[in-house]
Amino acid sequence: MSEFEVRPITEPDLASLGERERRRFRGTQDGQHEMLVGLLDGVPVGSVLIGGPKRDRFPGALYLFALDVEPRYQNLGVGTALIAAVEEDARRRGLNLVNLEVGVTNDGARRLYERLGFVLCGEAEWDSWTAYREDGTTFEEGEMCVPMVKELD
């Protein structure tokens with residue numbers, strides 16, 4: 001991979017990302033969660049959200065969700081680098097776990113998480129969240145997900 005950087009997202013980064021990320025950014029502005037952006041040679045190519053409404057589900061854990069990598073940059077290590085940045089952020093906060101939920105049909109993401117040391121820690125259940133429309137209004141969205149957790153060194 002070329003020069004890769006992960007940092008908190010800024011509004012100018014949104015021009016290079018998809019509509020889904022632009023809508024998720026609204027939650028960052030509302031203080032619901034934090035959003036990190038991955039830049040490859042200075043170009044935003046992926047993002048991940050941390051914190052959010054389920055941040056207290058596992059005491060001592062940082063909640064990771066909405067990992068997204070632009071399709072043409074998938075399988076280049078971008079997702080792995082974003083997850084590593086979340087793990088480092090958790091360590092800086094003095095936390096020893098990272099937890100997430102992955103869609104039961106999202107086999108590629110589940111394989112990635114397992115390869116990086118996440119383990120299943122519960123049964124599949126309906127996961128719902130607040131999503132944003134282009135006009136800024138919200139709606140509830142959801143899917144069946146399984147919880148996963150990783151203990152940090």
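Note on the range 102-127: residues that are more than 17 Å from Arg57 (Cβ to Cβ) and assigned to a helix (DSSP H, G or I) amount to 8. With respect to Gly52, determine if the residue is in contact (Cβ under 8 Å) with a residue 12 or more places away in the chain, on the phi > 0 side of the Ramachandran plot and out of contact with any helix residue (DSSP H, G or I) (no Cβ under 6 Å at 6 or more places or on another chain). So Gly52 passes the test. Looking for something at pLDDT below 95 and of a type in the set (Val, Ile, Thr) - is there at least one such residue anywhere in the range 94-108? Checked the range 94-108: no residue is at pLDDT below 95 and of a type in the set (Val, Ile, Thr). Can you find a residue in the range 88-101 that is surrounded by fewer than 14 Cβ atoms within 10 Å (Cβ to Cβ), assigned to a strand (DSSP E or B) and among the aliphatic types (A, V, I, L, M)? Scanning the range 88-101, I find no residue that is surrounded by fewer than 14 Cβ atoms within 10 Å (Cβ to Cβ), assigned to a strand (DSSP E or B) and among the aliphatic types (A, V, I, L, M), so the answer is no.
Taking the range 43-60 as the range and being under 17 Å from Asn75 (Cα atoms) and either of a type in the set (Asp, Glu) or under 15 Å from the mean Cα position of the chain (by Cα) (or both) as the test, the residues that pass are Pro44, Val45, Gly46, Ser47, Val48.
Considering Leu40, Leu67, the condition of being over 25 Å from Glu125 (Cβ atoms) and hydrophobic (A, V, I, L, M, F, W, C) is satisfied by Leu40 alone. For Phe65, indicate whether it is surrounded by 14 or more Cβ atoms within 10 Å (Cβ to Cβ), touching a strand residue (DSSP E or B) at 6+ places or on another chain (Cβ under 7 Å) and at pLDDT 95 or above. Judged against the criteria, Phe65 is not a match. Could you list, ordered by first residue, the pairs with Cβ atoms under 6 Å in which the first is in the range 79-98 and farther than 13 Å from Val149 by Cβ and the second is assigned to a helix (DSSP H, G or I), at least 6 apart or interchain? Final answer for the pair search is Gly79/Leu112.
Tally the residues that are under 26 Å from Asn96 (Cα atoms), of a type in the set (D, E, K, R) and under 19 Å from the mean Cα position of the chain (by Cα), restricting the search to the range 126-153. Result for the range 126-153: 3.
So in the range 14-42, with the set limited to residues that are at pLDDT 90 or above and under 21 Å from Gly77 (Cα atoms), which one is surrounded by the most Cβ atoms within 10 Å (Cβ to Cβ)? Restricting to residues being at pLDDT 90 or above and under 21 Å from Gly77 (Cα atoms), the top hit is Gly38.
The values are calculated or read from the model by the stated rules, or taken from the named source; none is laboratory data. For clarity, every value in this text was computed on a predicted model and none was experimentally measured. Counting neighbours? That spans all protein chains shown, and the Cβs are built from the backbone with ideal geometry, glycine included.
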